[in-house]
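The values are calculated or read from the model by the stated rules, or taken from the named source; none is laboratory data. Bear in mind the structure is a predicted one, so any value in this text is a computation, not a measurement. A quick note on method: Cβ atoms are made from the backbone with ideal geometry, for glycine too, and the neighbour counts reach across all protein chains shown.
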Amino acid sequence: MGYKFGLDIGISSVGWAVIGDDMSIIDAGVRLFDAADTSKNVERRTNRGRRRLLRRKSNRLNEFKKRWKAKGLVFDEENNKNPLVLRNKALTEKISEGELFLALKNILKHRGISYLEDAEDNEKGNDFQKALVLNASEMKTKLPCEIQLQRYLDFGKYRGDNTIDDNNKNREIIYISNVFTIQGYKKEIEEILSKQSEYHQFIDEFFINEYLDLFLTKRAYYEGPGNEKSRTDYGKYTTKIDPKTGDYITEDNIFEKLIGKCSVYEDEIRASASSYTAQEFNILNDLNNLNIKGKKLTKIEKQRIMDLVLSEKTINMKRIIKMAINDEITSFSGARIDKQEKEVFHTFETHRKLNKALAEIGVSINSFSREELDQIAYILTINTDKESILEAFNREKINFNEELSACLIEFRRKNSSLFNKWHSLSLKIMKELMDDLYETPKNQMELLTEMGVFKTNIDKFKDNSVIPTDLVIAEIYNPVVSKSVNQSIKVLNCLISSYGYPDDIIIEMARDKNNDEQTKRIKKFQADNEKELSHIIERVEKEFGIKIKDEHFYGQKALKTKLRLWNEQNGKCPYSGKPIYIHEMLTNAEMFEIDHIIPLSISFDDSRNNKVLVYRNENQLKGNRTPCTYLKSLNRSWNYESLKFFVKDTKINHKKARNLLFEENITKQEVLQGFINRNLNDTRYASRVVLNTLQGFMKAHNKTTKIKVINGSFTAQLRNKLKLDKDRDESYAHHAIDAIIMCYSQMGLNMFKWIVKNIIDYETGEMLDIEKFREISSDQLYIDYIYYERMLTMNKNIHQVKDKIKYSFKVDKKINRQLSNETIYGTREKTDGTIQKISKIKDIYSKEGYEKFKKKMPDKNDKHKLDDFLMYKNDPKTFEILLKTVEMYRDTPNPFLAYKEEMGEPIRKYSKKSNGPYITSLKY
């Protein structure tokens, strides 16, 4: 007896099944594992960056203390004076050595950033950008310490990002951020030291330069960690030895080692996708993939297209190709298609934008050679900031004047998305292929195959006794998909070891990239359906005065679908042009049918994109023909041209429009195959990789096993017919059941194909018996062959195996895992020796904040519990103000909020002049 293996590859699971030729379920199970979560990489990198930041800050402060002590100067770290006040005081009057130490040490802790100026270009940006613009504006007349002290006095805080209800400015909400430029802090340092040099002799030019050097020292991001004395391969100072000199290798830019190697010349690095050569190569490859009226573009036509793309202000490839070939174009094939089913082309985007930017400073892009443009693109891709770009220009001996350098740097800043990709090939191989791309109609894959570049899958796998996971996932770059496929191959190897090589392996791959995406997609689909149906019900009641009730749906199971199609078609039958009256649809359901536009047996498409609501008699007359064939056979006013106008006017989506206006002969074998490829086979990149590698392995070992990577919608058809609900929350069994259904679907499809095989000559594509073909291509017969003939057997087998499904779990063997949560809580030791965690009421003016305050407040007879609040012990006068406020506004839901609304400002901390900082939070 032969076997079929089914593999339902999910994000964090692999459902598998072994099915016999007699439909018996031999074995079934689920492999479970944690989905690869790329967001954890961001968290890991962020934490590593934070550790380095803290370590470097600590080193900076220790070095400052060391130098201060070496000079024999006084420093008093125990002094609890406010460093912010000291910094402001130092600008105008003498402060002691100890106070100066505290002020200079405080500045070293937070040195500012170098990119605040960028915010000035984006005043209409988000809140953070607005805060940066405000800082930039205030720094024109004030120093950072002056701005910070003023905010501290006005708002009670200055650090972090805060939203302030500014009562002095018509209660406008303003956003403040404690982010200032390095240059701003540098100016403050210079003014402080200049003033204090009048009182302290040790502050001379050497001292000032030494301190500024310590303050401004910053490791370039492209150098990475390590130094000459402490080498590491993660930074530019590597531990590798140069075989020629015997010295350690010191690299220019650590990111150069991260650039992938060319797919052809493995010693060559990949080219920047923004290089002139890569852009020209890509557009030529696109053009060579096109078929226009059955013809390929000539060399001269391609050259014309190139010239037009580079010279036209707006790019419309269909119009440009039409101009180049001097002929009308209704459509062409071979173009790349995006998610919206639109044709996409490479268009020299970077080159055209750069040309415009250079023209603004009077520089012609034609003054640069191809090599110079390629080199500029490389530098702008691997470097991201001004300093690294200028250093790269100097290193490569590119002598641009200041204006041109500034133009390129600004262009890179404003178009960063253009410089974040690398091509899969090097400049070397692209230049070698360029002439052939012009001279011949072959694309890059065809040319590289002719060169014998690619090793066949047979050669790859002939020495492997089991399917090698590393070779299968080598070309899958999505880590989530890669992990899922890795686990699937391991399951497959185990099944082959237990049962031998099967007749068929049917695979279905996940459509989502992660669990969150899957959850969002399902919720969005359900919400959109509910919203659409509610809108239709409201429309019917508003326009026709008919209230659709629950009993209407009980009487017609397909009414929801009919209503959606009716609304989509603007209440008109696309086959006859007659209006479909809503009251007739609700009361006389037999008058209307849901038809598959392209017969289900031909299209294998049971989605809404292949369904229309039509009059029953029209559907009977149409039969198993396409709308085009049916309407062209009639002699009446509503014809095929009418249908075209109908499709255009109703704004039906692209896929449904394509089905309604499908003009090819569905009795031809290549058309049938096209539908199979489009609607049954999964053609996504990762799916093709799995398919090709598994097929290669089977051929290498002379196995007859057939591999099929199918579209999930085909499996869903059978699941719906079997009335098997997929409860994702109940258990993981549905993954194994899906694998079983996949095998059953394929068995039904094989049987249907066997019947069709006797009607179509697959060698010539000729239809041997058209009438017989039309008979068996009936939707009902197709469903009978695939589903109903064995429905009872399928249902019985699935229900019998449900409780016998096996489960296995991937053991996580990685040892360097996080052991605890990151949050470190403050603690206090109480008088009885117990340790208490410090918590915080974030906003006493919010409903939640005051509720928490009330819960922590003791009864009148238990006032000793007030010491739970840190303010009660550390600032009793301020705490007394809070208690008086509570008593004064005790009849309001939130006394603190009531005080704020009446007084026009929040409660302030106690001070002699009643101008203390605002209180917003409380620790307990």
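Overview of values
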quantity: Qualifying residues in segment 416-425 (those that are small (Gly, Ala, Ser) and within 22 Å of LEU354 (Cα to Cα)) - the one surrounded by the most Cβ atoms within 10 Å (Cβ to Cβ); calculated: SER416
quantity: Criterion (in contact (Cβ under 8 Å) with a residue 12 or more places away in the chain and under 33 Å from the mean Cα position of the chain (by Cα)) met by exactly one of THR440, THR384; calculated: THR384
quantity: Some residue of segment 199-216 being touching a residue at least 60 places away in the same chain (Cβ under 8 Å), in a loop (DSSP other than H, G, I, E, B) and under 30 Å from ARG45 (Cβ atoms); calculated: no
quantity: Among residues of segment 483-508, those that are crowded, with 20+ Cβ neighbours inside 10 Å and part of a loop (DSSP other than H, G, I, E, B), counted; calculated: 1
quantity: Single condition ARG52 does not satisfy, out of (1) touching a Pro at 6+ places or on another chain (Cβ under 9 Å); (2) in the same structural domain as ARG159 (by TED's automatic domain parsing); (3) crowded, with 18+ Cβ neighbours inside 10 Å; calculated: (3)
quantity: Candidates ASP435, ASP459, filtered to the one that is among the acidic types (Asp, Glu), modelled with pLDDT under 80 and more than 32 Å from the chain's Cα centre (by Cα); calculated: ASP459
quantity: Segment 586-625, residues that are surrounded by 15 or more Cβ atoms within 10 Å (Cβ to Cβ), hydroxyl-bearing (Ser, Thr, Tyr) and over 12 Å from PRO574 (Cα atoms); calculated: SER601, SER603, SER607
quantity: Among the candidates THR683, THR650, residue that is at pLDDT 75 or above, hydroxyl-bearing (Ser, Thr, Tyr) and outside the structural domain of LYS342 (by TED's automatic domain parsing); calculated: THR650
quantity: Segment 231-244 residues that are free of Cβ contacts under 8 Å to residues at least 12 places away in the same chain and among the charged types (D, E, K, R), paired with ones that are part of a loop (DSSP other than H, G, I, E, B) and surrounded by 11 or more Cβ atoms within 10 Å (Cβ to Cβ) (beta carbon under 8 Å, 6 or more apart); calculated: LYS240/ASP233
quantity: Matching helices (runs of 4 or more DSSP H) fully within segment 536-632 where at least 2 residues are closer than 24 Å to ASN659 by Cα and in contact (Cβ under 8 Å) with a residue 60 or more places away in the chain; calculated: 600-603
quantity: Selection count, segment 896-920, where residues are touching a strand residue (DSSP E or B) at 6+ places or on another chain (Cβ under 8 Å), more than 18 Å from ASN82 (Cβ to Cβ) and β-branched (Val, Ile, Thr); calculated: 1
quantity: Any hit, segment 179-190, residues being under 42 Å from the mean Cα position of the chain (by Cα), among the basic types (Lys, Arg) and closer than 22 Å to ALA90 by Cα; calculated: yes
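Residues checked against (1) outside the structural domain of ILE365 (by TED's automatic domain parsing); (2) crowded, with 19+ Cβ neighbours inside 10 Å; (3) within 28 Å of MET451 (Cβ to Cβ):
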{"residue": "TYR265", "(1), (2), (3)": "yes, no, yes"}
{"residue": "ALA271", "(1), (2), (3)": "yes, yes, yes"}
{"residue": "ASN291", "(1), (2), (3)": "no, no, yes"}
{"residue": "GLN303", "(1), (2), (3)": "no, no, yes"}
{"residue": "SER311", "(1), (2), (3)": "no, no, no"}
{"residue": "ALA324", "(1), (2), (3)": "no, yes, no"}
{"residue": "SER333", "(1), (2), (3)": "no, no, yes"}
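For (1) among the β-branched types (Val, Ile, Thr); (2) within 30 Å of ILE382 (Cβ to Cβ); (3) part of a helix (DSSP H, G or I), each residue gets a yes or a no:
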position	(1), (2), (3)
SER274	no, yes, no
ILE283	yes, yes, yes
GLU301	no, no, yes
VAL309	yes, yes, yes
LYS322	no, no, yes
